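The values are calculated or read from the model by the stated rules, or taken from the named source; none is laboratory data. The structure presented is a predicted model; accordingly, all values stated were derived computationally and were not measured. Methodologically, a virtual Cβ is constructed for each residue, glycine included, from the backbone with ideal geometry; neighbour enumeration extends over all protein chains shown.
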Amino acid sequence: MKNFLIAILLTGLVINLAQAQNFNLGVKGGLNVYNITTDNADNNPLTNFHIGLLGHIHLARQLAIQPELVYSTQGAKVQSGAEVKLGYLNIPVLFQYMFDNGFRLQLGPQIGLLTRARSTLNGAKTDIKNNLKGVDVSLSPGVGYVHPSSGFGVDLRYNFGLSNINKSEAVVSKNNGLQLGVFYLFDHQ
């Protein structure tokens, strides 16, 4: 319930910002290469996907804010041989510096709301959601490009996990991942 209220509040904030500024709505999707880094094991990354919506709000000629609502599949291949697959509803809020040629630099926080967590070992699937915290916080620096006349673009970012996702404080685990995405901004000018 708490996660749902956070999502509602952030959505309301985005709607208010959109009404006050030059606003474009868009869709996006792409590739994730995520890992769960822990202080006591070497894990290997998993390749998955992300898909969602974005809002692009011009604050000034070269400054913008881009909130997104993205479903992201993340996880890792852990040392025991199991695959840990996590599903998050991620809400990044990126501040962008836009160059005149369509390139963008971006940086901002991301809040992730855990929707599912499953471990698979030798074909047996185990729900591990109760072992993990419901909220993940990360920092997302990146670059992007939008083709000015078409509204199509690409972005590349790395999400640095800032919070421990384990409920047990005995092990510190963080989500870290590279995202390569394509997007389309409706009515882009």
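Every residue in the stretch 58-113 that is free of Cβ contacts under 8 Å to residues at least 40 places away in the same chain, farther than 19 Å from Val146 by Cβ and not polar (S, T, N, Q), please.
Lys77, Ala82, Glu83, Lys85, Gly87, Pro109 - these are the residues of the stretch 58-113 that are free of Cβ contacts under 8 Å to residues at least 40 places away in the same chain, farther than 19 Å from Val146 by Cβ and not polar (S, T, N, Q).
Could you tell me whether any residue of the stretch 150-158 is over 22 Å from Asn24 (Cβ atoms), within 21 Å of the chain's Cα centre (by Cα) and modelled with pLDDT of 95 or more?
Yes, the stretch 150-158 contains a residue that is over 22 Å from Asn24 (Cβ atoms), within 21 Å of the chain's Cα centre (by Cα) and modelled with pLDDT of 95 or more.
Within the stretch 129-148, is even one residue out of contact with any Gly (no Cβ under 9 Å at 6 or more places or on another chain), at negative phi, at pLDDT 95 or above and of a type in the set (D, E, K, R)?
yes
What strands (runs of 3 or more DSSP E) lie completely within the stretch 112-189 and have 1 or more residues being surrounded by 15 or more Cβ atoms within 10 Å (Cβ to Cβ)?
So the answer is 135-146, 152-161, 173-185.
When only residues in the stretch 29-43 that are modelled with pLDDT of 95 or more and of a type outside the set (A, V, I, L, M, F, W, C) count, which is farthest from the chain's Cα centre (by Cα)?
The residue in question is Asn35.
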